[in-house]
Amino acid sequence: MLKVAKKLRDRLDKIGAPEKPEVAPGVAIFDVRDEEQDYARLQDKEAKETNRYGQRIDLIELSDDTLPKYRPMMINENPKVGTNPNRNKQHGFHFTADNCIGCHACEAACSEKNDNPAHISFRNVGYVESGSYPDYRRINISMACNHCDDPVCLKGCPTRAYTKHAEYGAVLQDPETCFGCGYCTWVCPYNAPQLDPIQGRVSKCNMCVDRLEEGLKPACVSACLGNALNFGVIENTPENREQCKTEIPGFPSPEITHPNIRFQQTNSTQNEMTRTDSMPLKYHKQEDGTFRSVVDEKAGKETAWNIKRLSSRENPLVFFTLLTQGAMGAFALLFFAKAFAVSSLASLFNTGTELALLALLLAMQAGGLLLSTMHLGKPWRFYRGFNNLRFSPVSREAFGVALFFTFMASYSACTALNLLVDLKVINWLGQIFGSLAVFSAACGLYFMYRSYRIKARPFWDHWQTACSFAGSALTIGPMVLALVSILGNNDLYPMLNLLTPIVILGLLVEGAGLWFHARHMNQEQGEGAASHYVQCTTFGKTYLTRNGLLTANILGLLLLNTWSPSGYTALLWLLPMMSVVATALVSRALFYILVIPTTMPGAFFWKNKGFEQHAKDVGLADMPQTGVVADSH
């Protein structure tokens, strides 16, 4: 298992500090009330050596004693150092579902403490329920950041806005470093990071480390009316508690991140617990007593189009991925055809249209990069996307795409110079730049695929994603060259006989991936299967039409390739080309809109997706004071 504190120790500030200060330097971070109750104070007197996952609880020991023990956290530039003897041990929350009354006092205390706006909440209370009167069961769940042993938000964030601290094991996020890509909200299984569409950045629970330094538990714990929340060194069972479980109905698998939260839930439950929001999920009890998410066909089997709902906040990414993959496929084909002197494409280079084609590819890639940048909450901070090349697939994807664009532009410049000055050195440089462009394109495409292999989004976590991206490169890329053939002179028509089989191959690759993906989702349960259920019902007619078009495109291209029309009849090639583009757009839009993440069940105001849609329909979403903000930056 990845030992985060050890592997990321170079990211922690190695600030010198005395081995054990007699008096904590600095003044108090805030004034602690004299009448503060005992239940609000940290009270752990001892700690276990390892947690249930086998990882050391003492984070200094986990780092092989390379970190100083008493360094200041510099909270608000205050050098005060807490005196808790367990300061460098992993802490976590303990939630007793039996005691939670769903009053939301923890939410209110957290929001007040962090001065959050109405539409942002670091801690949320949802619930699952089952049965009916008089045999009704309900389990309330209060959830915030779990400060995991393996924080996927930290590894995924391209800007390095996250840090896993040896102090209390807190995973802290710096909103000022964040540029609002929202990738951490994708990879977190617990919906902990909160993307603010108004501020254009992410923020989240900070474990109230300022309170911990003063010996107090987090604000949400201190405010809990039912004594449902507690806090301390992980694996310590709080007083008057008998359980320290890692799962509860509605809680995603702890194997994804090894979260630092423990549960008690002794009240009996029925075999199935349902969500109260609009997600088609429920939780079925397994033989070992744990609950697994399964599909809840609450919307029935009726199919619909819902074309308007294909539009989402991820629209820029729809066009970015398709334009980038198309530009990569077209350039690779163009470069290799020239390098290996493919006779069918030789006329392309003889006609002098190569520069125009390269200019088109540069425009496609520039447009894709612009759209991906404008998708950010803070577009002017785009350069921070390269900060986490060591861990983040998003950083590596961005770096690969940027290098591809740079090398393709350099290759284009050498090609233009060759027309003016025929020098071997320019041709040699062009070959180097072209090779580097193809290599960086392959790397960028691979890490684009890796960016979507997210355990918290099972619908994406399948090799079909690779088929989709590679299929787009094999489909859209050759079609760009084919378009030049159709709009060019008669000398270019023979290109179509070479390009059409490549387009058909791309369609077959994507179709095979979609078939195996649907087959896998039909055999699975959980959020991935729920996404497929929505695909077959809410978007059922659109889904079937996409599949039909995919088949029709293959057959139409096979027919045209056999016929090989030329002259004015060559314009018939435009029909399958337009159909292929339309199919790709619908398919990629479905890819983004269908995914159901492994989030906690929500049922309160804006966390309820059903209420959120209602708010948009009736206009409440236009009034942020109601707690609902439209999905846009």
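Coordinate-derived values only; no laboratory data. Treat the numbers as computed from the prediction; the structure is a model and nothing was measured. Cβ: placed from backbone, ideal geometry, glycine included. Neighbour counts: every protein chain shown.
Can you tell me the dipole magnitude for the range 116-197 around its Cα centre, using point charges on the Cβ only (Lys, Arg +1; Asp, Glu -1), in Debye to the nearest 20?
With only Lys, Arg, Asp and Glu charged at Cβ, the dipole is about 100 debye.
Please state the charge dipole magnitude for the chain, taken about the Cα centre, from unit charges on C-beta atoms (+1 on K and R, -1 on D and E), reported in debye and rounded to the nearest 20.
It comes to approximately 1160 debye.
I'd like the chymotrypsin sites (Phe, Trp or Tyr not before Pro) in the range 316-404 restricted to DSSP loop residues with at most 13 other Cβ atoms within 10 Å, sorted by number.
Phe340
Which pairs in the list Lys45/Lys89; Lys113/Lys245; Lys298/Lys541; Lys45/Lys164; Lys48/Lys69; Lys48/Lys245 are over 22 Å apart, alpha-carbon to alpha-carbon?
Lys113/Lys245; Lys45/Lys164
Kindly express, to the nearest 10 degrees and within the range 0 to 90, the angle between helix 354-374's C-alpha long axis and the longest C-alpha principal axis of the chain.
For 354-374 against the chain, the angle is about 20 degrees.
Answer with one residue from Pro85, Asn51, Ala40: the one whose Cα lies farthest towards the positive end of the charge dipole of the range 34-93, charges on Cβ with Lys, Arg +1 and Asp, Glu -1.
Going by the Cα projections, it comes out as Asn51.
Please work out the C-alpha center-to-center distance from the range 510-558 to the range 169-242 and express it in whole Å.
38 Å
With θ set to phi - 60°, apply the Karplus curve 6.51 cos²θ - 1.76 cosθ + 1.60 along the range 111-118 and write out the HN-Hα couplings as whole Hz, x wherever there is a Gly or Pro.
Running phi through 6.51 cos²θ - 1.76 cosθ + 1.60 with θ = phi - 60° gives 5, 5, 4, 9, 6, 7, x, 5 Hz.
Determine, for each peptide in 198-206, 504-512, the mean count of other beta carbons within 10 angstrom over its residues, then list the peptides with the highest first.
Taking the mean over residues of other Cβ atoms within 10 Å, the ranking is 198-206, 504-512.
List the residues, sorted by chain then number, that are 5 or more residues from Lys80 or on another chain and whose placed amide H is less than 5 Å from its amide H.
HN-HN under 5 Å from Lys80: Val27.
Subtracting the Cα-Cα distance from 0.36 nm times the residue separation, let me have the gained length for Ala366 to Val27 in nm, one decimal. Display every interim value, and only then the final one.
Working: separation 339, 0.36 × 339 = 122.04 nm, distance 5.24 nm.
Difference between extended and current length: 116.8 nm.
Relative to the Cα centre, what is the charge dipole magnitude of the range 148-285, using +1 at the beta carbon of each Lys and Arg, -1 at the beta carbon of each Asp and Glu, and rounding to the nearest 20 debye?
The dipole of the range 148-285 has a size of about 340 debye.
For the range 350-382 and the range 33-83, what is the separation of their Cα centres, given in Å?
Result: 49 Å between the Cα centres.
Once phi is turned into ³J(HN,Hα) by the Karplus curve 6.51 cos²θ - 1.76 cosθ + 1.60 with θ = phi - 60°, what whole-Hz value does each residue of the range 168-185 show in order, with x for glycine and proline?
Once θ is set to phi - 60°, the couplings for the range 168-185 become 6, x, 6, 9, 9, 10, 9, x, 6, 7, 4, 10, x, 6, x, 5, 5, 6 Hz.
I need the trypsin sites (Lys or Arg not before Pro) found in the range 404-469, filtered to DSSP loop residues with at most 14 other beta carbons within 10 Å of theirs.
Arg453
Which of the trypsin sites (Lys or Arg not before Pro) found in the range 257-318 are in a DSSP loop and have at most 16 neighbouring Cβ atoms, other than their own, within 10 Å?
Here the trypsin sites (Lys or Arg not before Pro) that fit, given the DSSP loop and packing criteria, are Lys298, Lys301, Arg313.
What distance in nm lies between label points placed 7 Å from Cα along the C-beta direction at Leu417 and Asp34?
So the two model labels end up 8.0 nm from each other.
Just from its helices, what would the mean residue ellipticity at 222 nm be for the chain, if runs of 4 or more DSSP H residues each count -39500 (n - 2.57) and the sum is divided by every residue, rounded to the nearest 500 deg cm²/dmol?
Only helices count here, giving -13500 deg cm²/dmol.
Using modelled backbone amide H atoms (1.01 Å from N, in-plane), which distant-in-sequence or interchain residues come within less than 5 Å of Val294's amide H?
Answer set, sorted by chain and number: Lys282, Tyr283, His284, Gly526.
Could the peptides 118-128, 550-560 be put in order, highest first, of the mean number of other beta-carbon atoms found within 10 Å of their residues?
118-128, 550-560
From the phi of every residue in the range 156-167, what ³J(HN,Hα) in whole Hz does the Karplus formula 6.51 cos²θ - 1.76 cosθ + 1.60 yield, where θ is phi - 60° and glycine or proline is x?
x, 5, x, 9, 6, 7, 9, 9, 8, 8, 6, 7
Would you mind computing, in nm to one decimal, how far apart the modelled labels at Phe336 and Ile307 are, each placed 7 Å from Cα along Cα→Cβ?
3.7 nm
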